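Reading through the C-alpha cells given below for one structure.
The values are calculated or read from the model by the stated rules, or taken from the named source; none is laboratory data. Not measured: the values here are computed from a predicted model. Reconstructed Cβ throughout: ideal geometry from the backbone, glycine too, with neighbour counts over all protein chains shown.
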C-alpha cells in the first residue's frame, strides 16, 4: 500500500474534485528538491505547507507537479490566486502581493 499525505489533506483535495494525487514520499522528495525552503520567498525553517501553484479551486491538480513547499505566510497570502496573479499584484490589495512582503518579519 502506498503511503500518502495526511487524511485531512486528502479529503480537502477530494472535496474539490481535484485530479491527480501524490504520496508522502513524493512530498518528501519535493521538500528535499527545494532544500526545505519556501518556493516563493526562500525562507528556510518553520513548517512548510503544500501550495498548489494552480489552486484546486481554479481547476489545479493534486499531482506533485502542481505542488511546491510554501511557508505559511506565503501560502496564506497567495490564497486562491494563480502564481501570475499573485506575483503581478502591485500591493494595492491588502494581504496580497508576492514574496517581498513575505520576507518582512
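Among what's in segment 41-51 and is under 18 Å from residue 83 (Cα atoms) and out of contact with any strand residue (DSSP E or B) (no Cβ under 6 Å at 6 or more places or on another chain), pick the residue that is surrounded by the most Cβ atoms within 10 Å (Cβ to Cβ). Checking each candidate, the answer is 41.
Here 8, 4 are screened, and the one residue that is surrounded by 15 or more Cβ atoms within 10 Å (Cβ to Cβ) and modelled with pLDDT under 80 is 4.
Listed by first and then second residue, the pairs linking a residue in segment 41-56 that is touching a residue at least 40 places away in the same chain (Cβ under 8 Å) to a residue that is surrounded by 17 or more Cβ atoms within 10 Å (Cβ to Cβ) and in a loop (DSSP other than H, G, I, E, B), with Cβ atoms under 7 Å apart and 6 or more places separating them unless they lie on different chains, are 56/18; 56/62. So is residue 26 in a helix (DSSP H, G or I), farther than 14 Å from residue 74 by Cα, in contact with a helix residue (DSSP H, G or I) (Cβ under 7 Å, 6 or more places away or on another chain) and at pLDDT 90 or above or not? For residue 26, the condition - in a helix (DSSP H, G or I), farther than 14 Å from residue 74 by Cα, in contact with a helix residue (DSSP H, G or I) (Cβ under 7 Å, 6 or more places away or on another chain) and at pLDDT 90 or above - is met. Consider residue 35 carefully, then state whether it is surrounded by fewer than 15 Cβ atoms within 10 Å (Cβ to Cβ), in a loop (DSSP other than H, G, I, E, B) and at pLDDT 60 or above. The answer is yes for residue 35.
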